[in-house]
Amino acid sequence: IQLGAGLPIGESLIKLSKMASDVRSREVGAILAHNIGTGMSFAEAARSCSDYFEATEVALLEIGESNGDLVSALLSIERDVEWRKSFRRKFIVALIYPYILFNVGYVAFNLQGLLMGESLFSFILMWVTVNALIFLLTSLIFRSHQDSPFRRFIDTQIINFPLLRMLIGRALLD
C-alpha cells in the first residue's frame, strides 16, 4: 500500500520494521532499509537476509524490479506467505483428531496390562516420550517464519511441491 502510494521503499521498510510485532522482523526490516539506503536493490537486500527470504521470494522481487511492478511482486509474496500460514493453522487442526485418537487408543490398548499389574512407570514413560516427540515435531514445523532448517525443508519440499500443494490446499483450505 505504501509503495503504491509513492512512499520510497526505504522509508516504508523503516516504518514497517518499527511496527513489526516480533524482534526478527524488526531486525530484518532495519537491515533491508540500511542495505537499500547503501544502494542495493530490494532483491539484493532480501538476498542478504537469506535466512528470512526464500530463493523464490527473491526471484519474484527481481522480476518485479526488472519489469517495474514491484508492488505486484510483493502482493504475490504476501499471498503465498498467507497461504502457508493458513495451511499450517488448518494442518494443526486436522492433526488434533488423530492425536486424540492415538492417545485414547494407547490408553485403551494398555489398560488391561495396567490392571493386571504391569509397570505404570513404563506406561507413563512411553506415553510421555511419544507425546513429547509429537509436540517437538509439530513445533518444529510451525515455528515463526524461516527460523529452522526443518521448517525450511517442510516449506520447500512438501508445501511447495506443486501436486501436494494443490491436493492439500484443496483438502484443507476449501
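The values are calculated or read from the model by the stated rules, or taken from the named source; none is laboratory data. This is a predicted model, so every value here is computed, not measured. Methodologically, a virtual Cβ is constructed for each residue, glycine included, from the backbone with ideal geometry; neighbour enumeration extends over all protein chains shown. For accessibility, only protein heavy atoms count, side chains too; no ligands or nucleic acids. Shrake-Rupley method; radii C 1.70, N 1.55, O 1.52, S 1.80 Å.
Quick one: length gained pulling Trp127 to Thr56 fully straight, 0.36 nm per residue minus the C-alpha distance? Could the numbers behind the result be given before it?
Working: separation 71, 0.36 × 71 = 25.56 nm, distance 4.06 nm.
This chain segment gains 21.5 nm when fully extended.
Summarise the accessible area of segment 81-124 (1.4 Å probe, protein heavy atoms) by the percent that is carbon and sulfur.
Exposed carbon and sulfur together represent 75 percent of the surface.
Using just the alpha carbons, could you tell me how many Å³ per residue the convex hull of segment 65-131 encloses? Show your work: numbers first, answer last.
Numbers: hull volume 5.7 nm³, N = 67.
So the per-residue Cα hull volume is 85 Å³.
Per residue, how many Å² of accessible area does segment 6-124 show with a 1.4 Å probe?
Computed with neighbouring chains in place, this is 63 Å² per residue.
Give, in nm to one decimal, the length gained when the segment between Met40 and Ile134 is fully stretched (0.36 nm per residue of separation minus the Cα-Cα distance). Could you put the intermediate results ahead of the total?
On the way: separation 94, 0.36 × 94 = 33.84 nm, distance 4.30 nm.
Using 0.36 nm per residue and subtracting the Cα-Cα distance, I get 29.5 nm.
Tell me, what is the 1.4 Å probe accessible area of Arg24, in Å² to the nearest 10?
The accessible area comes out at roughly 80 Å².
In whole angstrom, how long is each semi-axis of the equivalent ellipsoid of segment 1-111, when you take the square root of 5 times every eigenvalue of its Cα gyration tensor and sort them from largest down? Show your work: numbers first, answer last.
Values: eigenvalues 321, 46, 32 Å².
Over the Cα atoms of segment 1-111, the semi-axes work out to 40, 15, 13 Å.
Just grab the label-to-label distance for Leu16 and Leu111, each label 7 Å out from Cα along the Cβ direction, in nm (one decimal).
Once both label points are built, they end up 5.4 nm from each other.
Find the Cα radius of gyration of segment 41-96, compare it with 2.2 N^0.38 Å by division, and give the number to two decimals. Can you show the working numbers first?
Details: Rg = 13.7 Å, N = 56, 2.2 N^0.38 = 10.2 Å.
My calculation over the Cα atoms of segment 41-96 gives 1.35.
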